[in-house]
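Below: the structure, in structure tokens.
The values are calculated or read from the model by the stated rules, or taken from the named source; none is laboratory data. None of these values were measured; they are calculated from a predicted model. Positions of Cβ are generated from backbone atoms using ideal geometry, with glycine treated the same way; all protein chains shown enter the neighbour counts. The accessibility values were calculated without ligands, DNA or RNA, using every heavy atom of the protein model including side chains. Shrake-Rupley method; radii C 1.70, N 1.55, O 1.52, S 1.80 Å.
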Amino acid sequence: MISVDGLTVEFGGTTLFKDISFVVNDKDRIALMGKNGAGKSTLLKIMAGERTPSKGKVSAPKDAVIAYLPQHLLTEDNRTVFEEASQAFAHIYIMEQEIEVINNQLATRTDYESAEYYQLIESVSTLSEKFYTIEDTNYDAEVEKILFGLGFLRTDFTRPTSEFSGGWRMRIELAKILLKKPDLILLDEPTNHMDIESIQWLEEFLITSAKAVMVISHDKTFIDNITTRTIEVTMGRIYDYKVNYSSYLTLRQERRAQQQRQFDEQQKMIAENSDFIDRFKGTYSKTNQVQSRVKMLEKLELVEVDEEDRSALRLKFPPSPRSGSFPVIVDGVTKKYDDHLVFKNATLTIERGERVAFVGKNGEGKSTLVKAIMREIDYEGTLNLGHNVLIGYFAQNQASMLDEELTVFQTIDYVAVGEIRNRIKDLLGAFMFGGDHSDKKVKVLSGGERTRLSMIKLLLEPVNLLILDEPTNHLDIRTKDILKSALKDYDGTLILVSHDRDFLDGLVSKVYEFGNQQVKEHLGDIFSFLKKKRMETLRELEKAAK
């Protein structure tokens, strides 16, 4: 049991949260919710011991292990993937070495009656007792199992971590955490750089093998699948619900409706009493009543209605110029990098107005085929774009193409046309650039902020083929909903590369699966595809068992 007692965090004259307390029990799987800036990541850092609160404390049993996966991290560059993941057991190897060193000293020393000799015996006894209570584990097999689950290939095990992207390094760090089998796992946006198969594996692992979990995530399906409790951080306090995310949304709506009723009743009562005081404050016979009501109003604890973002921004794409009947025709396309075959004989036809998803493990060629469509790379085979195809393309490197000397507002003001020009500030606010943030220059923005700004810019351009490569990685749930709503109304052709199942749900009617150097077509939505894939996996496991 890990308890948070009276935590308060203040900085720059602002109170982030005040006097919050709760307990994390064994097997708790908690979603930590709240708008950006509410203090969710700060709370995780305090619980991980990486930050000190202004007041209050986090208490845990002496031997409790709390493991924390932040949004951004660095792994050692001088180790292989396998060596870095094995660092999860470094404390055990160190303990083993310490026991060996002390035993060697005891074997060579002859001062059997000295205090130092007795101290060595005591130390080796304590360490040995601790060492032999640790479960007898095949550590190499454990490391392999976790790395495979997170999408690594056996050939990756001996590669240096320096060869991997930030997303894959994040997985190495996650592997270390899972291997430690901690009492509490703290995860801050763990799914941002993972493919659908790895996310499903992580869900299964957390549900079946983790002791307690607290997670911040903007992936609705992920948090709904793994969590049984939701803690909301809002306006400096917390609300604790013993339900998953979807049920919490319903309960939160009911709570706010009740607060609103209490607020309205209190405001009515205050108005009536203030009116009485104003009318009779100079009347001798009413002096006691007036003073009594003044005191009552002074002592009154005002009802607060928790903030709720009601700015229902409806973003609409400009009308799409009409393209040919088949915007994309891919016929027998093969892509290799030297001896590495990404995919071979990929064949697909995308019709005008069709909405398709590219899914599969990272590194199987989703973004590669997108780059081929964009004419950014060479390939073998035939790939034709239809008549009058105008492409709007969002990729992770899109952020690097912004003009760094412009402000956020200027960047959007230059491309916005029509009615949306009157609502640029609302639009920027929806993508977390509200208030003074719109005056920031692009050059001071973080990578995530630049990504969001690139997304807004793209959404204002009149195109008839939209290609979005992992568009939701830096968007919160509300912003994703705004983007999804706009994409539902979009009248052009759409190709989505995404691992976010909830985002894809209702947006696509065909799925192209990338894997084993092939591209396979599946008719139907994302969840029917995943259901079919799960059944295929189960059948493969049954065959293997036989």
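Run down LEU406, LEU390, LEU369, LEU383 and say which single residue is more than 30 Å from LYS440 (Cβ to Cβ), modelled with pLDDT of 90 or more and in contact with a helix residue (DSSP H, G or I) (Cβ under 8 Å, 6 or more places away or on another chain).
Details: LEU406 fails: more than 30 Å from LYS440 (Cβ to Cβ); LEU390 fails: in contact with a helix residue (DSSP H, G or I) (Cβ under 8 Å, 6 or more places away or on another chain); LEU369 fails: in contact with a helix residue (DSSP H, G or I) (Cβ under 8 Å, 6 or more places away or on another chain).
Exactly one residue qualifies, and that residue is LEU383.
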Only unsatisfied item for HIS437, checking (1) open to solvent by 70 Å² or more (accessible area, probe 1.4 Å); (2) under 20 Å from LEU315 (Cβ atoms); (3) free of Cβ contacts under 8 Å to residues at least 24 places away in the same chain, is (3)
Pairing a residue in region 20-37 that is closer than 18 Å to VAL243 by Cα with any residue that is open to solvent by 40 Å² or more (accessible area, probe 1.4 Å) and of a type in the set (A, V, I, L, M, F, W, C), where Cβ atoms lie under 8 Å and the two sit 6 or more apart in sequence or on different chains, gives VAL23/MET1; VAL24/MET1; ASN25/MET1; ASP26/MET1; ARG29/ILE207
_Residues that are open to solvent by less than 40 Å² (accessible area, probe 1.4 Å), touching a Ser or Thr at 6+ places or on another chain (Cβ under 8 Å) and touching a residue at least 24 places away in the same chain (Cβ under 8 Å): does region 407-415 have at least one?_
yes
**Prompt:** Restricting attention to region 296-310, does a residue exist that is at pLDDT below 85, open to solvent by less than 60 Å² (accessible area, probe 1.4 Å), closer than 30 Å to ASP489 by Cβ and not acidic (Asp, Glu)?
**Reply:** no
Within region 235-294, the residues that are open to solvent by 70 Å² or more (accessible area, probe 1.4 Å) and among the hydrophobic types (A, V, I, L, M, F, W, C) are MET235
Being surrounded by fewer than 16 Cβ atoms within 10 Å (Cβ to Cβ), hydroxyl-bearing (Ser, Thr, Tyr) and in contact (Cβ under 8 Å) with a residue 60 or more places away in the chain: is that true of THR347 here?
yes
Checking SER454, SER509, SER528, SER498 in turn, the sole residue that is surrounded by fewer than 21 Cβ atoms within 10 Å (Cβ to Cβ) and touching a residue at least 40 places away in the same chain (Cβ under 8 Å) turns out to be SER509
The condition from (1) open to solvent by less than 10 Å² (accessible area, probe 1.4 Å); (2) under 20 Å from HIS193 (Cα atoms); (3) in a helix (DSSP H, G or I) that LEU427 misses is numbered (2)
By residue number, the members of region 375-400 that are in contact (Cβ under 8 Å) with a residue 24 or more places away in the chain, open to solvent by 50 Å² or more (accessible area, probe 1.4 Å) and part of a loop (DSSP other than H, G, I, E, B) are TYR379, HIS387, ASN388, LEU390
All-but-one check, ILE102 against (1) outside any helix (DSSP H, G or I); (2) at pLDDT 85 or above, failing number (1)
